[in-house]
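The values are calculated or read from the model by the stated rules, or taken from the named source; none is laboratory data. The structure displayed is predicted, hence computed values, not measured ones. Using ideal geometry, Cβ is built from the backbone for each residue, glycine included, and neighbour counts are taken over all protein chains shown. These area figures cover heavy atoms from the full protein model, side chains too; ligands, DNA and RNA do not enter into them. Shrake-Rupley method; radii C 1.70, N 1.55, O 1.52, S 1.80 Å.
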Amino acid sequence: MRVISFGVILYLFWLALSGYFKPFLLIGGLLSTLFVLYTARRMKLIDAESYPAHLFPAASTYWPWLLWEIIKAGWAVTKAVLRPKLDITPTMTRVIATQTTPAGIATYGNSITLTPGTITTGVDGNILTVHALERGGAVDLEEGGMDARVSRFEKGG
Amino acid sequence: MFAAAVLAVIAALVLVVVRVLKGPTLFDRVLAGNTVGTLAIILLTVLGFLNGRPEWIDIALTYGVLNLIGTLAILKFVRHGDLAHDAGEDRA
Amino acid sequence: MILLDAASWLLILAGCFFILVGAFGLLRLPDVFTRAHSASLIDTLGAGFLFAGLMIQAGFTQVTLKLLFVLLLLFFTGPVITHALAQAALQIGLKPKLAEDRRGRLDEAGTAPAPDGQGRPS
């Protein structure tokens, strides 16, 4: 089931990139799709961690939320960079990730890094080390708002 | 108007290249080099629109993939001194 | 139609603004970790707004889809590279310039202090 849906997505990706519907290209796409599926299966890549199909519905609400967070954090970094007097307060801290799966923790870590102003510099089990451009960014993460949102995303909400 | 965007990206490229040249650490150079790659992707796309040939996005897409691999390869080499390093061997 | 055009130019201008700010920050900020924040501004907001504007210009075509792919590629690879870079820099022994080091906050018997409590001075 997972393999078939992955194959369909791969073939649609081929069609979107090619944009031509000649028989030769359609068959070529089908053959490449099948070859990629074969090698991916051989490498045991198609599992719940690297192809999290069950998270796709939840992503449709998580990504807009994350986008808004990125815009807010990016504006804060812009103001910090453009301030006439450079008075940034770089801070390092540790936060606990409450996600239960490796994919969930990776999502949390990458979300932290993707929002400008905070970077995940290390992962040790479920403890993330974070570097923040300003003290406020580090404190926000310690309060755990984003962590709770990612945990909700991981459970499919 | 696309020309204005091209000019902005080129101005940013100049600033970033200054950082590549100044360093001071290797990581500053790698970071700035990666940013040059990102700006090249953006520049290719906007130039494609400027010249009325949006197909150039395909080149930008390829460049993005190569940029990722290149940067990660440099970082891995700096960290382990070996491109074939296997993280599993450290724990074993 | 004119409204849509204006919106797209506004987005492109915003993208250019964030790209320039990111590049400027790359020069201005003091060490590699803070510069990485500035570089991620280009990856996310700069490219994001600019490509959103271009998508409106391209309309509902294959070009818009490809722009979306490039944007997704940037959004997925950006954090990976930044994380790898920061981790490698820390492991090589580069010390970040910090105003405050709160890394010890989880050490006390596993209970975290109140978020607004004073961290340990570095």
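Structure notes:
- Total residues in the stretch B:11-32 satisfying the condition of being loosely packed, with under 13 Cβ neighbours inside 10 Å, modelled with pLDDT of 90 or more and more than 9 Å from chain C (Cβ to nearest Cβ): the figure is 1.
- So residue A:103, is it of a type in the set (A, V, I, L, M), away from chain C (no Cβ under 11 Å) and open to solvent by 10 Å² or more (accessible area, probe 1.4 Å): yes
- Residue count for the stretch C:24-42, restricted to those that are surrounded by fewer than 24 Cβ atoms within 10 Å (Cβ to Cβ), part of a helix (DSSP H, G or I) and facing chain A (nearest Cβ under 9 Å): 2.
- Residue list for the stretch C:85-109, filter: modelled with pLDDT of 80 or more, in a helix (DSSP H, G or I) and crowded, with 18+ Cβ neighbours inside 10 Å: C:85, C:86, C:87, C:88, C:89, C:90
- Identity of the residue in the stretch B:47-57, in a helix (DSSP H, G or I) and facing chain C (nearest Cβ under 7 Å), that ends up nearest to residue C:12 (Cα to Cα): B:49
- Test: residue in the stretch A:67-83 that is open to solvent by 50 Å² or more (accessible area, probe 1.4 Å), within 9 Å of chain C (Cβ to nearest Cβ) and not in a helix (DSSP H, G or I): no
- Test set (1) open to solvent by 30 Å² or more (accessible area, probe 1.4 Å); (2) in contact with a strand residue (DSSP E or B) (Cβ under 6 Å, 6 or more places away or on another chain); (3) more than 11 Å from chain C (Cβ to nearest Cβ) - residue A:97 fails condition number: (1)
- Any hit, the stretch A:83-99, residues being within 16 Å of the chain's Cα centre (by Cα) and among the small types (Gly, Ala, Ser): yes
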